[in-house]
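Reading through the structure tokens given below for one structure.
The values are calculated or read from the model by the stated rules, or taken from the named source; none is laboratory data. Owing to the predicted nature of the structure, the values given are computational and were not obtained by experimental measurement. Neighbour counts run over all protein chains shown; Cβ positions are idealised from the backbone, glycine included. We work out accessible area using only protein heavy atoms, side chains counted, and drop any ligands, DNA or RNA first. Shrake-Rupley method; radii C 1.70, N 1.55, O 1.52, S 1.80 Å.
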Amino acid sequence: MGTPIHVSIGNFNIDIAVYIDKAPGIDESVNARDIDIRPGGAASNYAVAVSHYGHRAVLVASVADHLLVKSHLESIRRLGVDISHVTYLNASPGIVISVIYPDGSRSMIRSLGANAYLSPDKISQEILDSASVVHMATLHPERAAGIVERVHGAVVSYDPGIYVNTRRGTLEAVLKHVDILFLNSSEFNELTSKIKPGELFKLGVEVLVIKLGSKGAAAVLGDGSIYHAYVKPLGNPVDTTGAGDAFNAFFNASYIDTRNVMTALRHGVAAGALKTLCRGSILCWDRDLFIKHLELSTISKETGIPGF
């Protein structure tokens, strides 16, 4: 059996990160401590993290036919990501402006650009059939539905991000094909105001994962079991951007290697904590430091989701 392949579908962005000490008010200007222009996008971040884990990663995205985009795509290719299924368009680049505060938290402004033109029917059936995991990141449910119906045999994971606020019927059309559903705390509240966890499992979701930020992450299973994992970063967080994507990648990779939710959670929180220690949205890889986080991570069985 060969190395597992993750097909990561979603956005590729140019990230413009601005590091400031305080947010400006109306008609106020502040000086940035630093500014950084780098590759980003949830699907891209996921793919790079998968490559660091040791699995194969294929990025499927629509991008601008632009020198800056091509340069940043080349940088993630050098990190091990297969970019041969990226489509180039005559459109503006996807851009995210991230404002990073001293504690590592951030605010973001998005412009979809070429990402808005990602078309499910342009995705190769061959690449979907080769996948061990098909991961869809911050992808509108209508597009996601056109993809998951064509997936056969792979584990399907979905992190809807901002699109969790889509109407119930549209979400259900995707979720009935999803094995692993990733949400953060606010997305969990939004989704479960429309679809209760029990209904998610009836639709076909096998594992519901709630990312809790600095409090770690929880996984809920269809039998009602709830597991919570946590590790404190071994240093002061400098940038939380992309930590959730690193978590998703290591959770999925570990899960398909072991089929053990507890092991997958520990890998996820260790990768997420490691990501917070470096600038950028892409996981900066340090195997020894990752292993230290993994060894220090804790796992417990809970009677409820921590914080809810």
What residue among 264, 47, 242 has its Cα farthest toward the positive end of the dipole of the chain, where the charges are +1 on Lys, Arg and -1 on Asp, Glu, each on the Cβ?
264
Could you pull out every residue, at least 5 positions away or on a different chain, whose amide H is within less than 5 Å of the one on residue 89? Hs are placed 1.01 Å off N in the peptide plane, and Pro or chain starts have none.
63, 64, 65
Distance in nm between residue 206 and residue 150 label points, each 7 Å along Cα→Cβ, equals 2.3 nm
Step by step: find N for the chain, compute 2.2 N^0.38 Å, then divide the Cα radius of gyration by it. What's the final number?
0.94
Once the piece of chain linking residue 190 and residue 37 is laid out straight, how much longer is it, given 0.36 nm per residue of separation minus the C-alpha distance between them?
51.9 nm
Report the charge-dipole magnitude of the chain in Debye, nearest 20, computed about the Cα centre from +1 at each Lys and Arg Cβ and -1 at each Asp and Glu Cβ.
260 debye
Estimated distance in nm for a label pair at residue 78 and residue 302, the labels positioned 7 Å out from Cα along Cα-to-Cβ
4.1 nm
Treat every Asp and Glu Cβ in region 184-308 as -1 and every Lys and Arg Cβ as +1, leave all other atoms uncharged, and give the resulting dipole magnitude about the Cα centre to the nearest 20 debye.
140 debye
Under a GNM of the chain (C-alpha, springs under 10 Å), which listed residue has the highest mean-square fluctuation: 212, 234, 283?
234
Return the FRET efficiency for the residue pair residue 110, residue 286: r is the Cβ-Cβ distance, R0 is 51 Å, and the value is rounded to the nearest 0.05.
0.95
In what sequence, largest accessible area first, do 223, 245 appear using a 1.4 Å probe?
223, 245
Order by protection proxy (mean Cβ within 10 Å, highest first), peptides 177-190, 131-144:
131-144, 177-190
Antiparallel %, DSSP beta bridges [both residues in the chain], to 5
45 percent
Calculated from backbone phi, Karplus (6.51, -1.76, 1.60) coupling profile of region 79-86 in Hz, x at Gly/Pro:
8, x, 8, 6, 10, 6, 9, 7
For region 150-308, the spread of Cα positions along each principal axis, largest first, Å:
43, 34, 29
Ignoring ligands, DNA and RNA, please state the percent of accessible area on region 200-308 from carbon and sulfur, probe 1.4 Å.
52 percent
Per-residue ellipticity at 222 nm for the chain, helices alone: DSSP H runs ≥ 4 residues times -39500 (n - 2.57), over residue total, nearest 500 deg cm²/dmol?
-10000 deg cm²/dmol
Please compute the contact order of region 85-193 in relative form: average sequence separation of alpha-carbon pairs under 8 Å and at least six residues apart, divided by the residue count, as a percent.
20 percent
With a 24 Å threshold on alpha-carbon distance, the violating pairs from 70/122; 215/292; 122/176; 22/292; 176/196 are 22/292
With every protein chain kept in place and a 1.4 Å probe, region 66-107 has an accessible area per residue in Å² of 55 Å²
